[in-house]
Each structure stands twice: as C-alpha cells, then as structure tokens.
C-alpha cells in the first residue's frame with residue numbers, strides 16, 4: 001500500500017486552496033474599493049484573466065470613475081443600470097460592490113461575457129449582476145433607470161485571441177449602426193432616465209437630455225445626463 005504524506009496535495013485540494021485564496025483576494029479588493037484606497041484598482045485587476053488584466057487601463061473603467069458614478073447612482077436612487085459594451089464586467093461588478101443597484105451588462109463577445117460572469121461570481125455579486133451576449137442593433141437592449149456608456153463602439157485592436165470571435169466585426173458600417181441604435185434607445189427612454197457617458201459613445205446625447213453633473217478632477221470625460 002502506498003502511504004500518502006500528510007503534506008501531499010490532490011488536485012481537488014489544490015482547487016479548494018486556490019478558490020479560498022481567490023475569495024480572500026476578492027474580499028480585500030472589495031474592501032480597498034469601498035475605502036477608496038489607491039491600491040484598489042490593481043487589486044481588482046489581478047482577479048481578471050491575464051490577457052484582460054493587461055489591457056485594463058485602456059479598456060475597462062478605472063475604479064475612481066466607478067466610485068464617482070456609484071455616488072451619482074445612490075443619490076438618484078437608481079435601481080437598475082445597463083452597461084452597453086460591458087467588456088470584462090469591471091464596471092458592473094465594482095458598481096454592485098458600491099451600491100444596491102442591479103447591473104446588466106450587454107456585450108457582443110461571448111468570451112468577455114463568460115469572463116464577466118466569472119468575475120461577478122468571484123466577488124459574490126452575481127445575484128445582482130447579469131451579462132447578456134448581443135448588441136443594441138440585433139438584440140433587445142435591457143431596460144434600465146440609467147445607462148452607462150464607456151466609448152463602447154471603438155474599433156478594438158488588441159492582440160488577444162479572446163477578442164477575435166467569429167461573427168463579431170467592427171467596421172464603419174457596424175459602428176454607425178451601433179451608434180444609431182443607442183441614440184434611438186436613448187430617444188425612446190422615458191423621462192427621468194439617466195445616462196452616464198465616459199469618453200462619449202460616438203454620437204450625440206439626444207437634445208432632450210440635460211447635463212446635470214460632470215466628473216471634475218478625474219481622468220477622462222465623465223458626464224451625467226438626465227432626460
């Protein structure tokens with residue numbers, strides 16, 4: 001009979017240890033986010049897959065921006081937020097850690113939706129955060145009290161297989177169609193709807209929206225609009 005060392009591990013044991021370490025890291029990142037510590041952004045990003053972590057500074061919302069948006073959402077007593085072009089889910093997950101809102105992310109790339117769902121599970125906010133695969137032109141966009149738009153229709157040029165998916169193309173035609181679809185969505189939204197734009201979305205917010213706040217002293221162009 002082969003005796004197993006009391007210090008030896010099994011694959012199942014290793015997985016359990018890894019899960020516990022990941023949950024502990026998530027709790028520490030969430031605490032840093034809520035406290036507004038500068039270390040929060042890096043701690044949060046370390047819980048993303050490596051290839052998504054590498055482009056976080058360029059493509060996913062920085063946590064100082066999420067904190068300011070969360071303050072706006074709490075003040076306005078928003079219940080549901082729709083993030084159009086939700087990517088790896090960073091904004092939705094961090095927003096859920098800072099508010100009691102329900103977040104719905106709409107993203108074209110299935111691989112990013114899968115990563116976002118895993119991130120929501122890691123931070124244990126998947127009861128209030130969901131992600132949908134699709135785009136505004138071909139999918140029924142979820143309805144929210146507020147919509148978040150972080151320049152979602154720019155043509156991505158990332159050297160990662162996770163961003164290259166069959167059937168998902170960023171051309172001038174799809175760009176124009178997506179911008180038009182969002183403009184139409186905002187035009188049909190009921191009075192009182194909030195829109196948060198971060199570095200725009202490629203089009204103009206409809207004229208019946210009034211800018212009611214702006215992110216002063218933060219990186220980028222952050223604006224809050226109300227219909």
How many residues of region 23-35 are surrounded by fewer than 13 Cβ atoms within 10 Å (Cβ to Cβ) and at pLDDT below 95? The answer is 1
Any residue in region 164-182 that is surrounded by fewer than 17 Cβ atoms within 10 Å (Cβ to Cβ), at pLDDT 90 or above and not in a loop (DSSP other than H, G, I, E, B)?
yes
Just to be sure before I move on: is residue 96 at pLDDT 95 or above, touching a helix residue (DSSP H, G or I) at 6+ places or on another chain (Cβ under 6 Å) and crowded, with 20+ Cβ neighbours inside 10 Å in the structure I sent?
no
Considering only residues that are surrounded by 14 or more Cβ atoms within 10 Å (Cβ to Cβ) and more than 21 Å from the chain's Cα centre (by Cα), which ones fall in region 185-212?
189, 206, 209
Just for region 26-58: of the residues that are touching a helix residue (DSSP H, G or I) at 6+ places or on another chain (Cβ under 7 Å) and not in a helix (DSSP H, G or I), which one is nearest to residue 149 (Cα to Cα)?
48
Sole miss for residue 117 among (1) buried (at least 20 other Cβ atoms within 10 Å of the Cβ); (2) over 18 Å from residue 149 (Cβ atoms); (3) in contact with a strand residue (DSSP E or B) (Cβ under 9 Å, 6 or more places away or on another chain) is condition (1)
Given (1) part of a loop (DSSP other than H, G, I, E, B); (2) touching a residue at least 24 places away in the same chain (Cβ under 8 Å); (3) over 16 Å from residue 33 (Cβ atoms); (4) under 14 Å from the mean Cα position of the chain (by Cα), residue 61 misses just (3)
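The values are calculated or read from the model by the stated rules, or taken from the named source; none is laboratory data. Because the structure is predicted, anything quoted here is derived from the model rather than measured. As a convention, Cβ positions derive from the backbone with ideal geometry for all residues, glycine included, and neighbour counts pool all protein chains shown.
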